[in-house]
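Computed from the coordinates by the stated procedures, all read-outs in this text should not be read as laboratory data. This structure is a prediction, so every number in the text was calculated from the model and none was measured. Positions of Cβ are backbone-derived with ideal geometry, glycine not excepted, and every protein chain shown enters the neighbour counts.
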Amino acid sequence: MRKRLKLPAFVFILLMLILAVNSVTVSAAVGLTDSDIKEGLDFCRDYPVSLTLDGQKVQIDPSGVPAVIIKERTLIPARALFEKMGGVVTWDEQKQAVGITLNKTQVSLTINSQTAYVNGQAKTLDVPALIIDHDGDYYGSTMIPVRFVAESIGCTISWDDATRTVGVKAPAVEPSDEAKDDKDADDNTADNENSGDETVPHVITRPEPDPSIDLTDDNDNTGTSVGSGTLSGNGVFTAMELSPLPMLTENAKKQMIVIDAGHGGKDCGSIGNKGTSNECFEKTPNLDAALKLNAWLKASGATTYMTRSGDVYYTLLERAQKANTRAATLFVSCHNNSNTSSSPNGTEVHYYSKVNEYGDTEKDIYGIESKAVAKLAEKYLVDALQTNERGIKESPKLAVLNKTQMPAIIVEGAFMSNPSDLSKIQSSEYAERYAYAVAKAIIESFNKAFPG
Ligand SMILES: [Zn+2]
């Protein structure tokens, strides 16, 4: 009698366990079940939810999961809204984490976790980010709670019950960030532009490369090649030997380096010798140096991408996004400096040390750190350009430094506003010297970080 009862009881318990496991794919602690999600999807199929941004309807990819209300919280596909505002949305496959960055705020959500991080501070969610497969094709969409994320980055949210519309109003762009972003730092303004920002930790998420991008294309068809032999100095510099730079290791060759020639097109940067026949727009020496840098890095086997290889304009955000979508290991922006006074002169390199939500440093995440690359680049630049050493500066407010998700530096070769520096910038040897120095610093840093 005992035996006969024991077996069915065991089978019954096992059956219950299997049923329980199958019906709850979301952590029990979250309190959501598959049927909650199915209920939400079914209801929203019959009564769809719309989304507007500043009054304009936001189209959600019709092949993906539509906006869905689960337990009174609206979830939307991660990229649908925030990229339209100019935010950067990233996905860390290993950690199953979504990152949304806009202005100075970074929100990080982990799939099925009720803990989110806003600028590194833990917050509790009613409904977590979820991966939802609405049509059973085994391809899920990453869905995030819209109100939580939008309010965290400074949006205001409304709900219109009659039309079932979530209205999102984007935050005003902070002029300190956007207007100042593009201006080169100099000794008169550097302190002001950085003040007050040190308390905001910059939290990054290492992106995955966008699968639709050809990572072998460097966007440079100019045919620029590296120099060789001895540079005479043109009466401006003392002579310099251009020894070939070492090859990168096999591991270093695989790392994407994004090279950004500052300004371009309608944005000419600062202007040297303004109004004279010898006028110089900063965008031109920047591009010359960037093209040469690409050539030197390519000669050592590097994988590179140029944000521009001609006289075209891109916003600072677009430049950062080009590096983010390529999952670059390093972003290098080539500029020259300027000041309202003609006396400041010399070379400086800007960087911004970043961490991820767990406090890992750039070195932990990427193997290299922007500060060390900046320091080495500054040293070789001062040697090659024979300029005044102004040193390296941490500049959290410079947009390409804080919108990129990887170590990034901005090189300010010399001052357009200083006559002696400008004669160097206008010398035919300037781009070669500039590029050689920066390439040398990158190659040395990469070979140390990625041996073998
Ligand atoms: Zn510039």
message: Expected output is a single nm value to one decimal: the length gained when fully extending between ASP36 and SER343, i.e. 0.36 nm times separation in residues minus the C-alpha distance. What is it?
response: 103.8 nm
Cα-derived Rg over Rh, computed across segment 25-169 with Rh taken as Kirkwood radius: 0.93
- request: Could you work out how far helix 34-46 tilts from the main Cα principal axis of the chain, as a 0 to 90 degree angle to the nearest 10?
  value: 80
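Rank by packing, highest mean first: peptides 353-362, 409-418, 367-376, with packing defined as the count of other Cβ atoms within 10 Å averaged across residues. The partial results should precede the final answer.
Values: 353-362: 18.3, 409-418: 27.2, 367-376: 21.9.
In decreasing order of mean packing, 353-362, 409-418, 367-376 become 409-418, 367-376, 353-362.
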- request: Kindly write out, for segment 399-412 in residue order, the coupling ³J(HN,Hα) from the Karplus curve 6.51 cos²θ - 1.76 cosθ + 1.60 (θ = phi - 60°), rounded to whole Hz, with x marking Gly and Pro.
  value: 4, 5, 7, 9, 9, 8, 9, 9, x, 9, 10, 10, 8, 10
- request: With everything on Cα atoms, drop me the angle between helix 316-325 and the longest principal axis of the chain, reported from 0 to 90° to the nearest 10.
  value: 60
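Could you sort the peptides 158-168, 426-436, 85-95 by per-residue average Cβ neighbour count (10 Å cutoff), highest mean leading?
Details: 158-168: 13.5, 426-436: 22.6, 85-95: 17.3.
Averaged packing, sorted descending, gives the order 426-436, 85-95, 158-168.
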query: Taking the Cα centre of each part, how many Å lie between segment 28-79 and segment 205-246?
result: 48
statement: With x for Gly and Pro, the residue-by-residue ³J(HN,Hα) of segment 220-227, computed from phi through the Karplus equation 6.51 cos²θ - 1.76 cosθ + 1.60 at θ = phi - 60° and given in whole Hz, is 10, 10, 7, x, 4, 10, 6, x
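Determine by what factor the alpha-carbon radius of gyration of segment 225-336 differs from 2.2 N^0.38 Å, reporting the quotient. Numbers along the way, then the final one.
Working: Rg = 15.9 Å, N = 112, 2.2 N^0.38 = 13.2 Å.
Compared with the compact-globule rule of thumb, segment 225-336 sits at 1.20.
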- prompt: Relative to the present Cα-Cα distance, how much length would full extension add between ASP46 and ILE271 at 0.36 nm per residue of separation?
  reply: 75.0 nm
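Mind checking the full-extension length gain between ILE213 and ILE131? Use 0.36 nm per residue of separation minus the Cα-Cα distance, one decimal, nm.
On the way: separation 82, 0.36 × 82 = 29.52 nm, distance 2.40 nm.
Gain on stretching ILE213 to ILE131: 27.1 nm.
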- request: Compute the separation of the alpha-carbon centres of segment 251-311 and segment 346-420 and state it in Å as a whole number.
  value: 16
message: Through the Karplus equation 6.51 cos²θ - 1.76 cosθ + 1.60, θ set to phi - 60°, convert the phi angles of segment 209-215 into ³J(HN,Hα) values in whole Hz; use x for Gly and Pro.
response: x, 5, x, 7, 9, 7, 6
message: I want the local charge near LEU293. Using Cβ-Cβ distances under 14 Å, sum +1 for each Lys or Arg and -1 for each Asp or Glu among the other residues.
response: 0
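How do 126-135, 393-402 rank on mean C-beta neighbours within 10 Å, highest first? Mind showing how you got there, number by number?
Details: 126-135: 19.1, 393-402: 22.1.
Ranking the peptides 126-135, 393-402 by packing returns 393-402, 126-135.
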- prompt: Taking every pair of alpha-carbon atoms in the chain, what share in percent sits in each 10 Å bin, from 0 to the bin with the longest distance?
  reply: 4, 19, 26, 20, 14, 9, 4, 2, 1, 0, 0
